[in-house]
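Throughout, read-outs are computed from the coordinates displayed, never taken from laboratory work. Computed from a prediction, not measured in an experiment: that's the story for all the values here. No Cβ is skipped: glycine too gets one built from the backbone with ideal geometry, and neighbour counts run over all protein chains shown.
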Amino acid sequence: MNMFIHDNLQTIGARIRTAERHYGRVPGSVQLVAVSKRHSAAAIRAAYAAGQRAFGENYAQEMLAKAMELNDCAIEWHFIGPLQSNKAKVVAQTARWVHTVASLKVAELLSRHKPPASPELNICLQVNISGEASKSGLALAELPDLASQVAQLPGLRLRGLMAIPAPEPDFNKQRAVFAELRQALEALQAWGLALDTLSMGMSDDMEAAIAEGATLVRIGTAIFGTRK
Ligand SMILES: *Cc1c(COP(=O)(O)O)cnc(C)c1O
């Protein structure tokens, strides 16, 4: 067994449990998505042997290649990268979760290509909240329309929202940004959508995200080391 990956998973797991306790979250309500982009199938296998099941990938072809190589493992693949229309088919056939839906067009393609025999594809809408460095994600103002449309597409289950805030060292400022995403989720819930997921928090802002209600945190480097 790869002890480096095993120990890192233990450390991250302990950090999550500590933050859950500290911020009054239900124990076990925050799940770890191990972000394995640009790490080998062998590294994923080591994390799997240590008990990790949810893995995040950013590139459709890379996710597919790893899913094929690791098809003896009961891995739950999370697609967390920018999603182009021409990759929607591969993603719909491989992933159990897609965190980065930001247009009706992509959602419709995922709906169309989701294999009939597999369970509903879990969807998060990626929101461009304040200070976001990347250009991806939809504006908060566009959220109600897209959410209501995506919630009706067959084969998809709209679960919640995702964001990648710009790096911010100050804890309270991190929290303020995550609070915006939480409030957006609460507004959609109040509006009648049955949503339960906030995909937010990475290595350097995980505690702030958990304080504001994250249910999925996405951690790569702190588990697998630096990427090649
Ligand atoms: C790469 C990536 C992560 C993990 O980043 P690390 O710095 O390796 O922990 C999380 N979320 C998304 C969307 C990513 O692309």
### Summary
Residues whose built amide H sits under 5 Å from the amide H of Ala102, excluding neighbours closer than 5 in sequence, are Gln126
#### Entry: the chain, relative contact order in percent, only Cα pairs under 8 angstrom and at least six apart counted
21 percent
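Please give the calculated 222 nm ellipticity per residue for the chain, where each DSSP H segment of at least 4 residues contributes -39500 (n - 2.57) and the sum is spread over every residue; nearest 500 deg cm²/dmol? List each step's numbers first, then the result.
Details: 9 runs with 94 residues, N = 228.
Helix-only estimate at 222 nm: -12500 deg cm²/dmol.
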### Message
Please list, ordered by chain and number, the residues whose modelled amide H lies under 5 Å from the amide H of Ala54; skip anything fewer than 5 residues away on the same chain.
### Response
Ala34, Glu76
### Message
Using a Cα-Cα cut-off of under 20 Å, which aspartates and glutamates could be cross-linked to Lys114, ignoring same-chain neighbours fewer than 8 residues away?
### Response
Glu57, Glu62, Glu76
### Task
Name the residues whose placed amide hydrogens come within less than 5 Å of the amide hydrogen of Ser203, ignoring near sequence neighbours (fewer than 5 apart) on the same chain.
Gly220
### Query
Given a Förster distance of 25 angstrom, what is the FRET efficiency for Ala187 paired with Cys73, based on the Cβ-Cβ distance and rounded to 0.05?
0.05
### Message
In whole Hz and in residue order, list the ³J(HN,Hα) couplings for segment 217-225 that follow from phi through the Karplus curve 6.51 cos²θ - 1.76 cosθ + 1.60, θ = phi - 60°; x for Gly and Pro.
### Response
10, 10, 10, x, 4, 5, 9, 9, x
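Evaluate the charge dipole of the chain about its Cα centre and quote only its size in Debye, nearest 20, assuming +1 on the Cβ of each Lys and Arg and -1 on the Cβ of each Asp and Glu.
Working: 24 positive and 21 negative charges, 109 e Å.
The dipole magnitude comes to about 520 debye.
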### Message
Ignoring solvent entirely, what values of log10 I(q)/I(0) come out of the Debye formula for the chain at 0.08, 0.09 Å⁻¹ when each Cα is a single scatterer?
### Response
-0.27, -0.34
### Query
Among all the lysines, which ones have a C-alpha under 26 Å from Lys228's C-alpha, if same-chain residues fewer than 8 places away are not counted?
Lys37, Lys66, Lys87, Lys135
